[in-house]
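Student: Can you read through this structure? Questions will come right after.
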Amino acid sequence: MKKKGAIALFGSITLLFAGYAAWCTHWIWMDAPVPELLEIPAEYRGHAQELVVQHGLTRRDPYPITWNVIWMSLQRPYEIPKMRGWVRVISTEKDGSELQVMRMRGIPSPHDAVLTFTRERTGWSMLAVTGEGKISAKGLEKR
């Protein structure tokens, strides 16, 4: 085998293994997308999405990367990514006047929050309850 052929063979095998390892461990660094919140009118939607990001629903805590985590990800590529979080939007009222936005993940965190967006007479408001028991309320601004 010539030098070019050996470099091409071992280079492609290395890229194949690196791609497999990246695919198996993608849940560690990928984050949940910001929900569209289509139930909220367009003039309030931008502020509501900012509040979802502000309360950390789309930004997860840094997951401790150890060799055990990587090894388990390589061994069970379809089971381990379930630990990755996602944002769930639930319409609690049939007329769409109340929405609950929460972060779901395999590993719960005390910083997880549940945001409840409610339609009021004057606009929309948001109530946030964290896993630690902290409660905050805010009115949504038109954009």
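Student: For Cα extents along the principal axes in Å, which listed value, [x] 98, 55, 23; [y] 39, 30, 30; [z] 78, 30, 24, comes from the coordinates shown?
Tutor: [z]
Student: Tilt of helix 3-24 relative to the longest C-alpha principal axis of the chain, in degrees (0 to 90, nearest 10)?
Tutor: 30 degrees
Student: While we're here: Ignoring GluC sites (Glu not before Pro) that are buried or in helix or strand per DSSP, and keeping those with at most 13 other beta carbon atoms within 10 Å, what is the longest stretch of the chain between them? Please report the intermediate quantities before stating the final value.
Tutor: Working: sites that count: E36, E79, E93, E120, E132, E141.
That would be 37-78.
Student: To continue, here is another question. Quick check: pseudo-label points 7 Å beyond the Cα along Cα→Cβ at R143 and M1, how many nm apart are they?
Tutor: Taking the simple label geometry, R143 and M1 are separated by 5.4 nm.
Student: Per residue, how much accessible area does the chain have with a 1.4 Å probe, in Å²?
Tutor: Numbers: 9610 Å² over 143 residues.
Counting only protein heavy atoms, the per-residue value for the chain is 67 Å².
Student: Are there trypsin sites (Lys or Arg not before Pro) in the stretch 1-35 that DSSP marks as loop and that have at most 13 other Cβ atoms within 10 Å, and which are they? Please report the intermediate quantities before stating the final value.
Tutor: Working: sites: K2, K3, K4; in loops: K2.
When the trypsin sites (Lys or Arg not before Pro) of the stretch 1-35 are filtered for loop state and at most 13 Cβ neighbours within 10 Å, K2 remain.
Student: Just to verify a number: FRET efficiency for V34 and L127, C-beta to C-beta distance, R0 = 30 Å, to 0.05? Show your work: numbers first, answer last.
Tutor: Working: r = 19 Å, r/R0 = 0.63.
The computed FRET efficiency comes out at 0.95.
Student: Describe numerically, in nm with one decimal, the distance between label points set 7 Å from Cα along Cα→Cβ at S91 and at Y78.
Tutor: My value for the distance between the label points is 3.4 nm.
Student: State the percentage of accessible surface on the chain attributable to carbon and sulfur atoms; use a 1.4 Å probe and exclude ligands, DNA and RNA. It would help to have the intermediate numbers written out before the result.
Tutor: Working: 5850 of 9610 Å².
That share works out to 61 percent.
Student: Suppose every Lys and Arg Cβ carries +1 and every Asp and Glu Cβ carries -1, with no other charges. What dipole size does the chain come out with about its Cα centre, to the nearest 20 debye?
Tutor: Numbers: 19 positive and 14 negative charges, 158 e Å.
For the chain, the charge dipole is close to 760 debye.
The values are calculated or read from the model by the stated rules, or taken from the named source; none is laboratory data. The model shown is predicted, which means the values in this text are computed figures rather than measured ones. Glycine also receives a Cβ, built like all others from the backbone with ideal geometry; neighbour counts cover every protein chain displayed. Ligands, DNA and RNA are excluded from the accessible area calculation, which covers all protein heavy atoms including side chains. Shrake-Rupley method; radii C 1.70, N 1.55, O 1.52, S 1.80 Å.
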